[in-house]
C-alpha cells in the first residue's frame, strides 16, 4: 500500500499520548549538576568588577563561570556568533541588554545554584542605551560596538559596506530595473510606513541543554533545530575537531525558530568542563523571554502605480531591530529584503534592508524568517492603494500578481506559481464581492453606519516566500537483515511530523510497509549532515535525500538478488519487501533472504541533495529560492465599536504544497500558522520600559487559547495534478494572517492601523479620530 | 524544612520526605520519575502541568506536594491499561490532536475531567472547559476533533456496559 499522500498515524503516536516522549528536559546523566545563570539588570553598562568568590565557596557549588574564565590564555574562544562574533560566553566588557548572562553556576540542585547567584557581586557602570531603531540610528546615539566589529569570514558580502562605527549591523541591497524611471512613469506615488513589534516564540518546552565535557570530548543533548550547525559552532568555540563534539537532539517541545543558533550550549559546556561533571540548564519561562525574540521592524514602502492600478515601481526601506547580538539578524534582513516587493510583477524595485543593534533581547529566526514583517507592509498597502484608486483590492492584486514566466524582483524567472488559484480560493472562501471593500460600498470615506455597534468586514492577503537557497541535506539508510529499514537523518522532530513524513517517503521508495521503517533522532556522531530544520525545507530537501538513499540501497539489493536469482537486475521488480522476477512472481526472495544469503549484515544507502543559488551582494539579483512558497489568507471579522475588540469569525488559509505527503499533518501546520499569526495580529507584543521587559510571563504575555479560535477555521492545501514537487508549508500560511485581519478591520470600521498588534485601544482611538474628523467636517 | 507525606499516584502509594516548598509537579517528576506533567509557565497559566487530584484537574506547578496526601493523583501515565490505550488517548491518536505534544498530557487529563462532568459536550463547552490549556503549536482544531471523538467513544463504551434488562 502506498503511504505517501495518506494521513497515516504519526510514528510515535503512542508515546505522545502516554507522556513518554523524551524531551531534552527529561535527559538525566549520572552525577548531573544543575546550572543557573546570573543576568544583567541593566540594558547597557560597563562591567567594572565581578567577584564570585563567595559563590564558589558555597557548599554544593561545583563550578562558577565569569568573565575571568574567558582570558586570553584559555584553551577556548571567549566569543561566538554566526555573522559577527559579538556574543561572549558570558558578558566580558559590557552587558548589552537586561537579561544578558553575566555569570553562571553549576551546583547539586537548583536551589543551591540560585543561592550561589545571590552571592556573586557585580559592579556596573550604567551607559546610555537605545531600544528602538530610530534612536539607534541618531548621529549621537550610544554605540553597542565601538570600534565597528568585522564580520566573520564569508559574511562580509552579506553584511555589506557599512562605513565607520554605528549601530547598523548589516545592509542588504536589491536593485532591479531603475526605480527613479519607474516613479517618473507612475501616475501616483504612495508612501506608507508600517511597524510590527518584537514577539516571543513561546515554545512550551523552554531551551534546555545538558552538557558533558570530559577527556576532550564534548557531548550535548540540546533543544536545537540545527544539530550540525551547533556541532560546528561548538567545535570552533572549544577548538575541537568535529569528531570530538557530539550533538544529540531528541524531540523538541516546539521550536518556531527560537532554537536555531547557539543558546545555552556554550555556558553549559563551559560549566561542565570546569565542574568535570555533566551540567543541565533548563530555562524558566521568564528567562525564555530574555533569550531570543522575533525582530521588531519598521518598513517604509513607496509604491508607484498607474491610474489603472499597474504597479510600476517600488522603493522599500526596512529596519529590523536585531537587539544586542546580531545572531542571524543580517540573514533575516536579507530574506525579508529579497521579498519586499511582494508577489507582484514590478519592473523597478529598489530595496534597502537593514539589521540594527539595540539594547534589547537579541532577535533571531522566527517562523517566517523576516517575511511576516514585510508582508504586513505590502499587503496592507495594497488595500490602501486600491482605495486611493477606487479599485477592488482583489482585482488590483490579480492585475499585478506574478505568474509563471514573470521575472521576480531578484531577476529570476518564476515557475510553479499558482497565484490565481490561491486568490480564487481565498475570494470564494469569504464570498468576496467588490462591495466588501468599504470604499466601493457607497459609504463616504471614514463614515460608518450609525446604529449597530458590531461591524463586520472581510479582508484578504497573499504572500510569496523563499526557502533557504542554497542548501544541503544528506541521509543514510540501513536495510537490516530482517528487512526493516533504519533511516538515519539529522532532521529534527518538533511537532511538524518530520520523522513521520520521512518514514512515509522511505517506505514507498523501498517498497516496504510503513510499520517497518524507523527514523533516528539526530545524533551528529551517527546521523549525517543536514543544514537545519527550518525554512520549511525538510520534506522537500531531506525527503529527497532520504529517497535517494533508499534508491541507492535498492540498487545494491537488486544487484545481489540478480546474482541469487540468476537474472539481470533490470528484470527484477520490488513490492512489499520482496524482490521478484518481472512476470514470474514465484521466483522471488524477501529482502531479508537476500541480505542473509549474501552475507551482507545490512545494506547501506546514502543520498545527498544540494540546491544552488544565492543573491549578488550589490544588487540582490540571482536565485533567491529553489522554488517559491505561496499562500493566501482570507477572513471575516466582527468589531465591537464600543470596546474596540476584534473577533475573527472565519479564517481561511490557502497554501500551495505541490504534493502532500501526509495531508492531516499539512492541515495541522497550516492551522498552527494561523493561530500563531492571529496572536501576533491581535494581541502579542513584547513591551519594554526603558529596556526592561515588562511582559515576561504567560499572564502578561498571552498566547492564543481555545477562546481565540475563530468559529470557522479552514485550510485548503493545493496540489498539482500528477507528481507535483513538494513545496514546504511550515511557515507559508503565517505572513498573510496579520494583513488579512487588518484589511478586514478596515473594511468593518474605516480604521486603518499600520502598527501591530490590532489592539482594542488602537481600534477605539481610530474610531474616535474618525468621529472627530466627521464633526470637524460638519 | 522537610516533611513526611504519603502520596498515592496512579494507584501506587509511596512514603516520601519532601521539602515543604516542593511543588507536586517537582515531586511527580523527580521522585516518581513521571515525564507526562511538564512545566510550561510556572504560574498555572498554560496547563502543561495538569494532573487530576480526586478527579479534578489542577495545575500541579501551583500545588504543594506536602498538601496532596491521601488524595488520588492521576497523571497521563496512569490512564492506559497495560498495552492498550484509554479511549481518550486513542481518540487523540486517531485525530492527530497534537504536534509537538508537550501540552498533550495536560489536554488529555483535562478532557477526562470534562467528559466525566459532561459526557456530550458541545464544541463551545469544550472550548470553554479547555481554555486553560495552551497549545503553542496551534493544534486546537484537531484537539477539538479528538475531544468530540473521545466523547463518542466513551458514550459508546458506556452504552455497551449498561446492563441489558
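The values are calculated or read from the model by the stated rules, or taken from the named source; none is laboratory data. In this text, all values refer to a predicted model and were calculated from it rather than measured experimentally. Positions of Cβ are generated from backbone atoms using ideal geometry, with glycine treated the same way; all protein chains shown enter the neighbour counts.
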- Tell me which of these residue B:130 doesn't satisfy, since it passes every other one: (1) more than 7 Å from chain A (Cβ to nearest Cβ); (2) under 23 Å from residue A:677 (Cβ atoms); (3) outside any loop (DSSP other than H, G, I, E, B). (1)
- With the checklist (1) modelled with pLDDT of 95 or more; (2) under 21 Å from residue A:290 (Cβ atoms); (3) part of a helix (DSSP H, G or I) in hand, flag the one item residue A:54 doesn't pass. (2)
- Given region A:113-218, what strands (runs of 3 or more DSSP E) lie entirely inside it while holding 1 or more residues that are over 27 Å from residue A:693 (Cβ atoms) and in contact with a strand residue (DSSP E or B) (Cβ under 8 Å, 6 or more places away or on another chain)? A:168-176, A:188-196, A:208-214
- Assess whether residue A:729 counts as being in contact with a helix residue (DSSP H, G or I) (Cβ under 8 Å, 6 or more places away or on another chain) and assigned to a loop (DSSP other than H, G, I, E, B). yes
- Counting just the residues of region A:588-637 that are surrounded by fewer than 15 Cβ atoms within 10 Å (Cβ to Cβ), farther than 30 Å from residue A:170 by Cβ and without any contact (Cβ under 8 Å) to a residue 60 or more places away in the chain, which one comes out farthest from the chain's Cα centre (by Cα)? A:597
- Item | Selection count, region B:133-146, where residues are closer than 17 Å to residue A:704 by Cα and more than 7 Å from chain A (Cβ to nearest Cβ) | 4
- Does residue A:263 qualify as being assigned by TED's automatic domain parsing to the domain that holds residue A:336 and touching a residue at least 24 places away in the same chain (Cβ under 8 Å)? no
- Exactly one of (1) more than 24 Å from residue A:20 (Cβ to Cβ); (2) within 12 Å of chain A (Cβ to nearest Cβ) is unmet by residue B:26. Its number? (1)
- Can you tell me which residue within region A:1-43, out of those that are within 14 Å of chain B (Cβ to nearest Cβ) and in a strand (DSSP E or B), is nearest to residue A:277 (Cα to Cα)? A:34
- Could you list all residues from region A:540-561 that are touching a strand residue (DSSP E or B) at 6+ places or on another chain (Cβ under 6 Å) and either free of Cβ contacts under 8 Å to residues at least 40 places away in the same chain or under 13 Å from residue A:608 (Cα atoms) (or both)? A:541, A:542, A:544, A:545, A:546, A:548, A:549, A:550, A:552, A:558, A:561
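Yes/no matrix, rows are residues, columns are (1) more than 27 Å from the chain's Cα centre (by Cα); (2) under 30 Å from residue A:726 (Cα atoms); (3) outside the structural domain of residue A:603 (by TED's automatic domain parsing):
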| site | (1), (2), (3) |
| --- | --- |
| A:546 | no, yes, no |
| A:557 | yes, yes, no |
| A:574 | yes, yes, no |
| A:581 | yes, no, no |
- Within the bounds of region A:536-547, is there any residue that is crowded, with 24+ Cβ neighbours inside 10 Å and farther than 30 Å from residue A:335 by Cβ? no
- Odd one out for residue A:701 among (1) more than 14 Å from chain B (Cβ to nearest Cβ); (2) in a loop (DSSP other than H, G, I, E, B): (1)
- Item | Residue satisfying condition, being at pLDDT 95 or above, crowded, with 22+ Cβ neighbours inside 10 Å, under 19 Å from residue A:623 (Cβ atoms) and over 22 Å from the mean Cα position of the chain (by Cα), within set A:312, A:349 | A:349
- Collect the residues in region B:36-60 that are more than 10 Å from chain A (Cβ to nearest Cβ) and either without any contact (Cβ under 8 Å) to a residue 40 or more places away in the chain or crowded, with 21+ Cβ neighbours inside 10 Å (or both), keeping them in residue-number order. B:49, B:50, B:51, B:52, B:53, B:54, B:57, B:58, B:59, B:60
- Across region A:278-298, the tally of residues that are more than 11 Å from every other protein chain (Cβ to nearest Cβ), in contact with a helix residue (DSSP H, G or I) (Cβ under 9 Å, 6 or more places away or on another chain) and outside any loop (DSSP other than H, G, I, E, B) stands at 6
- Item | Residue that is farthest from the other protein chains (Cβ to nearest Cβ) [pool: residues in region B:69-113 that are in contact with a strand residue (DSSP E or B) (Cβ under 8 Å, 6 or more places away or on another chain), at pLDDT 95 or above and more than 25 Å from residue A:672 (Cβ to Cβ)] | B:71
- Message: Quick test for you: out of A:685, A:725, A:719, A:714, pick the one residue that is farther than 23 Å from residue A:662 by Cβ and either over 23 Å from the mean Cα position of the chain (by Cα) or surrounded by fewer than 24 Cβ atoms within 10 Å (Cβ to Cβ) (or both).
- Response: A:685
- Message: Looking at the structure I just gave you, is residue A:709 surrounded by 22 or more Cβ atoms within 10 Å (Cβ to Cβ), without any contact (Cβ under 8 Å) to a residue 60 or more places away in the chain and under 30 Å from residue B:137 (Cβ atoms)?
- Response: yes
- Query: Does residue A:232 satisfy the criteria of being surrounded by 22 or more Cβ atoms within 10 Å (Cβ to Cβ) and either farther than 30 Å from residue A:668 by Cα or touching a strand residue (DSSP E or B) at 6+ places or on another chain (Cβ under 6 Å) (or both)?
  - Reply: no
- Query: Does residue A:84 satisfy the condition of being in a loop (DSSP other than H, G, I, E, B) and in the same structural domain as residue A:49 (by TED's automatic domain parsing)?
  - Reply: yes
- Go through region A:189-221 residue by residue and tally those that are out of contact with any helix residue (DSSP H, G or I) (no Cβ under 7 Å at 6 or more places or on another chain) and at pLDDT 95 or above. 10
